[in-house]
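Heads up: the structure comes next, in structure tokens.
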Amino acid sequence: MLAQLFSVPVNANVLDLAVGQLTDTMAPNGHARKAATKKWRNSWIYLEYSVCRPDAASVCENRQALIQSLLRMWFTYMKVKHLLIVVFIVATAGIAAVMVFTGDGGSEKAAGPRFLYEITGGDGANGLKEPVYAAIDKQGRIFVADSGNRRVAVFTSKGRFLHEIGGPKSGQPLSYPYGIGLLGNRVLIADSGAGALYEYSASGDYKKTWLGPELGIQPAQIFITPDKTVYLTDMAGKQILVYDDNGSLVKTIKSRQVSLGSPQGLAVTGNGSIWVADGGNYNVKLLSPSGETRKVFDGGPRQALSMAKGLAVDSKGRIYVADTLSNVIRVFDGDGNSLAGFAADPDRKTTFNIPVGIFIDDDDKIYIADQGNNRVQVWGY
């Protein structure tokens, strides 16, 4: 029956896999089901992009690059009688182009930044494997949390490999590096796998442990303010830890009124307010310096976030969120209104596959860890 929704032939095995992936993603997410019960929601259209991963190659006919997109729609409480929705899905080499029309004949296309280049490290030992974050220092060096290789890989601004930090031969090997914070010539690394926060020199020498596994935390992302205050999200403790630049704990911030589920990406404004991507609650929160919840948004009923992991804010106050399970980057203003989104160019060179961490430099270049594609993508306006 689902195959009849598609205007082009769909391989049955591929469709079965896509349905299974959709079920897996929706099962733990009660948000969409709760929102569906609200009255006077005219219609929702959700589009899920799925990628043929190596472990699913057997059901991808002739290893064609991508699984075709699966459309999911709910129609609830139809208040407008003459709403017409026609959806065309055109599958070309695994990419789906979707055009949505309403009764007024209007269409919507969001503008966003453009792809500039990518960093991969090449195919040899220097190549990236499942990177989850990238940070850039004042010299233009790019530090990548190369989680699959259990290290931080350091590149020039042009993407040439320099050296690694925290590899197996270092004084403190890493388990699963997730977040990176740069303090001058010092590099802080949030090792989510070890439950620790380590300090290294920029050249790769281990210096000290700020937080050890005995504390039971699960560190995620790091944000460092101009006055060198260090903010660290703790997924296990559902909190944000704040340190001075010597590693002394200043305070602990827990979200008031609305609890954090799994805080990950974060950004701190000039007045000390904190934007945080709450992956456990599928939303973005703005907290006061003391933890009071000031704003919560989730993308709205038409484009609800599937999983918010990375987050960064540019010089114009635009908020970038890695909607990881939907393989898109969402852009919002400070009130949570959707401004744009970007996912892929028609030639497929920039298609995301599990985007995670986002970093924005002083020139508003956007560095996105494209985990499933083993690279860091760089975008700009």
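The values are calculated or read from the model by the stated rules, or taken from the named source; none is laboratory data. What you see is a predicted model; the values in this text were computed from it and never measured. Glycine also receives a Cβ, built like all others from the backbone with ideal geometry; neighbour counts cover every protein chain displayed. Remember, those area values only see protein heavy atoms, side chains included, never the ligands or the DNA or RNA. Shrake-Rupley method; radii C 1.70, N 1.55, O 1.52, S 1.80 Å.
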For this session: Collect the residues in region 115-144 that are of a type in the set (D, E, K, R) and either at pLDDT 90 or above or in contact with a helix residue (DSSP H, G or I) (Cβ under 6 Å, 6 or more places away or on another chain) (or both), keeping them in residue-number order.
Result: GLU118, LYS129, GLU130, ASP137, LYS138, ARG141
Exercise. Which numbered condition trips up TYR198, out of (1) farther than 25 Å from THR293 by Cα; (2) crowded, with 17+ Cβ neighbours inside 10 Å; (3) in contact with a Lys or Arg (Cβ under 7 Å, 6 or more places away or on another chain)?
Worked result: (3)
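Does region 226-262 hold any residues that are part of a loop (DSSP other than H, G, I, E, B) and of a type in the set (A, V, I, L, M, F, W, C), and which are they?
Scanning region 226-262 gives MET235, ALA236, VAL258, LEU260.
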Problem set entry | Residue ID - farthest from TYR178 (Cα to Cα), chosen from residues in region 265-288 that are in contact with a Lys or Arg (Cβ under 9 Å, 6 or more places away or on another chain) and open to solvent by 10 Å² or more (accessible area, probe 1.4 Å) | LEU286
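Which residue is least open to solvent (accessible area, probe 1.4 Å), if the candidates are limited to region 110-153 and must be part of a helix (DSSP H, G or I) and touching a Gly at 6+ places or on another chain (Cβ under 9 Å)?
Initial filter on region 110-153 (part of a helix (DSSP H, G or I)): 147-149.
Now narrow it down to the ones that are touching a Gly at 6+ places or on another chain (Cβ under 9 Å): 147, 149.
Details: SER147: 6, ASN149: 54 Å².
Top of the filtered list is SER147.
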Exercise. In region 155-164, how many residues are surrounded by fewer than 17 Cβ atoms within 10 Å (Cβ to Cβ) and either aromatic (Phe, Trp, Tyr) or part of a strand (DSSP E or B) (or both)?
Worked result: 2
Exercise. Just checking, how many residues over region 228-240 are under 14 Å from LEU188 (Cβ atoms) and open to solvent by 10 Å² or more (accessible area, probe 1.4 Å)?
Worked result: 3
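I'd like the residue in region 201-210 that is assigned to a strand (DSSP E or B) and of a type outside the set (Ser, Thr, Tyr) and, out of all such residues, is most open to solvent (accessible area, probe 1.4 Å). Before the answer, list the steps.
At the first step, the residues of region 201-210 found to be assigned to a strand (DSSP E or B) are 201, 206-210.
With of a type outside the set (Ser, Thr, Tyr) added as a condition, the list becomes 207-208, 210.
Working: LYS207: 116, LYS208: 78, TRP210: 28 Å².
Taking the candidates together, the pick is LYS207.
Pick out, from region 312-381, the strands (runs of 3 or more DSSP E) lying fully within it that include 2 or more residues that are closer than 19 Å to PRO131 by Cβ and out of contact with any helix residue (DSSP H, G or I) (no Cβ under 6 Å at 6 or more places or on another chain). Give the derivation first.
Details: elements: 319-323, 328-332, 338-342, 355-360, 366-370, 375-380.
Correct list: 319-323, 328-332, 355-360, 366-370, 375-380.
Does GLY372 fit the bill of being within 22 Å of LEU287 (Cβ to Cβ) and in contact (Cβ under 8 Å) with a residue 60 or more places away in the chain? Explain how you work it out, then say what you get.
Working: within 22 Å of LEU287 (Cβ to Cβ): no; in contact (Cβ under 8 Å) with a residue 60 or more places away in the chain: yes.
The answer is no for GLY372.
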For this session: Kindly establish whether LYS295 is assigned to a strand (DSSP E or B), in contact with a helix residue (DSSP H, G or I) (Cβ under 6 Å, 6 or more places away or on another chain), touching a residue at least 24 places away in the same chain (Cβ under 8 Å) and open to solvent by 40 Å² or more (accessible area, probe 1.4 Å).
Result: no
Problem set entry | Single residue of region 263-278 satisfying the filter (assigned to a loop (DSSP other than H, G, I, E, B) and free of Cβ contacts under 8 Å to residues at least 40 places away in the same chain) that is nearest to ALA304 (Cα to Cα) | SER273
Seminar exercise, completed: Checked pairs for region 118-136, first on the phi < 0 side of the Ramachandran plot, second among the aromatic types (Phe, Trp, Tyr) and open to solvent by less than 30 Å² (accessible area, probe 1.4 Å), C-beta under 6 Å and 6 or more apart or across chains, list as ILE119/PHE155; VAL132/TYR178; ALA134/TYR367; ALA135/PHE143
Exercise. Among the residues of region 145-172, which ones are at pLDDT below 95 and among the charged types (D, E, K, R)?
Worked result: LYS158, LYS169
Problem set entry | Looking only at region 165-188, and only at residues there that are assigned to a strand (DSSP E or B) and in contact with an Asp or Glu (Cβ under 8 Å, 6 or more places away or on another chain), the one that is most open to solvent (accessible area, probe 1.4 Å) | ARG186
